[in-house]
Amino acid sequence: MLVRAGYPSVMLGHIVIVGAGQVAVQAIDTLRRRGFTGSLTLVGEEPWLPYQRPPLSKKYLAGSLERERLLIRPAHFYTEHKVTTLLGRRVSAIDPRERQVRLEDEAALSFDALLLATGSRPRSLPVPGIDLPGVYSLRSIADVDRIRAECRPGARLVVLGGGYIGLEVAATVRELGLEVDVLEMAERVMGRVTCPEVSAFYEAEHRRAGVRIHCGAQVAALHADARSGRVRIVLTRDGGEYPADLVLLAVGVAPADELARAAGLECENGVVTDAHCRSSAPDVYAAGDCANHLNRQYGRHLRLESVDNAFEQGTTVALNLLGTPTPHEKVPWFWSDQYDLKLIIVGVNAGYDRLVLRGDPATRSFCACYLRGDELIAIDTVNSPREQLAARKLIAAHARVDATRLADPAVPLREAARA
């Protein structure tokens, strides 16, 4: 992977941000607080101001959070910060050489610097019937509004995918009284992000709540009701049949890097950037879910899908645009709320060769510690918020730990580090 080094090559009069999410808000806030007086334009496909996405699969879907409370910042924030907001507008192309962003309505925006914060898009499945009425993805307010309209007690939901989103929705709608089947093609849920022990714990919790989880289930087709034309049944390759009043497609997301690819920027699992969030084109930055950045903590490129990563990279981009060389090198963290369980993952567990359980899963408060050699590289905490705070410091310091002390919950986590 190659990216172009260098800082803004011209005086910045106009910065354009494509994508209206957490990255954009944090970049705007940092730029203005740090004294940037030039023009700022925010372009977003959706008709709403930037809003929080994590509550979509939980409180907003449950109806316990109003739409206005999803907003990251109120409307007056953009007025006070003199931001031109172009909402409900789709970008058709970017031209780094001409320094232009073209919109589908043929309008053009000239820029001195461009921030791509286009996020990610839900993946689909190449099976017959996946586009039937009643089959939904969950990425936006509009998606949740459509799903929630069908969430009535006794309705049958089939979730395709046992990752964060699929399990969060399963937990939420089960508490609303729906019947839920989760079909996961892998041998365990959340297999991409956590260890078998944590997967088994969550599978048991969902089953206890009445969710039916089926692992190793590969979808073959979705069939429609003859009268309504809506999805009515999900078929798996092993002959399984799962009745459905609605289906949630939750098989992961892909980086929304189409604009960057078409413009000739280097892309590989997202827009490739250096540690300063700079793309391969001069004065074009990328951050958030769409960016595959050089992470110094782990010594390789990573594409991270988390609010914290978007927040931190938005700040990083702003500081670099202002001429303050700033690498993005924070330890990543993620969270998931399912029922009364809060899972917080700190670090990236890829490459671990030893797992230490800290505490007993039967208590519903424990940790899974991932070691490479005797270095703590990541930790999953379940209902253990204090542990994740100490873990961040240890992981950032590449701390080496005593596995025996690490396994003992009576020993404070910070004291498990070797001298």
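How high is the relative contact order of the chain? Use alpha-carbon pairs under 8 Å, at least six apart in sequence, and give a whole percent.
So the answer I get is 15 percent.
Can you work out the FRET efficiency for the pair His81 and Leu389, with r the C-beta to C-beta distance and R0 = 45 Å, to the nearest 0.05?
The formula returns an efficiency of 0.90 here.
For a quick check: with amide H placed at 1.01 Å from N, whose amide H comes under 5 Å from Cys267's, ignoring anything fewer than 5 positions away on the same chain?
Answer set, sorted by chain and number: Val272.
Classify the stretch 27-161: rounded, prolate or oblate, from the alpha-carbon gyration tensor (a ≥ b ≥ c, eigenvalue square roots; a/c under 1.5 rounded; otherwise prolate if a/b is larger than b/c)?
Note, shape of the stretch 27-161 comes out oblate.
For a quick size check, give me the Cα extents of the stretch 135-249 along its three principal axes, largest first, whole Å.
Taking the Cα atoms of the stretch 135-249, the three principal extents are 44, 31, 25 Å.
So, in Å, what gap is there between the alpha-carbon centers of the stretch 173-241 and the stretch 267-334?
34 Å
Say R0 is 35 Å: what FRET efficiency, to the nearest 0.05, do Arg67 and Ser124 get from their beta-carbon distance?
Calculated transfer efficiency: 0.85.
Candidates [x] 176; [y] 260; [z] 154; which is the computed volume of the Cα convex hull per residue in Å³?
[z]
If amide hydrogens are placed 1.01 Å from N in the peptide plane, which non-local residues have theirs closer than 5 Å to the one on Leu71?
The list, which skips near neighbours in sequence, is Gln52.
So which aspartates and glutamates can Lys393 reach, going by Cα to Cα under 15 Å and dropping same-chain residues fewer than 8 places off?
Hits, sequence-local ones excluded: Glu329, Glu375, Asp380, Glu415.
Test of understanding: in a Gaussian network model of the chain with alpha carbons linked when under 10 Å, which of Ala378, Ala62, Ala263 would top the mean-square fluctuation ranking?
Result: Ala263 has the largest fluctuation of those listed.
Which far-off residues, 5 or more places away or on another chain, put their amide H under 5 Å from the one on Ala254, with H placed in the peptide plane?
The list, which skips near neighbours in sequence, is Arg121, Arg123.
No lab work stands behind these numbers, since they all come straight from the coordinates. Just so it is clear, the structure is predicted and the values come from calculations on it, not from any experiment. Please note: Cβ atoms are built from the backbone with ideal geometry, for glycine as well, and neighbour counts cover all protein chains shown.
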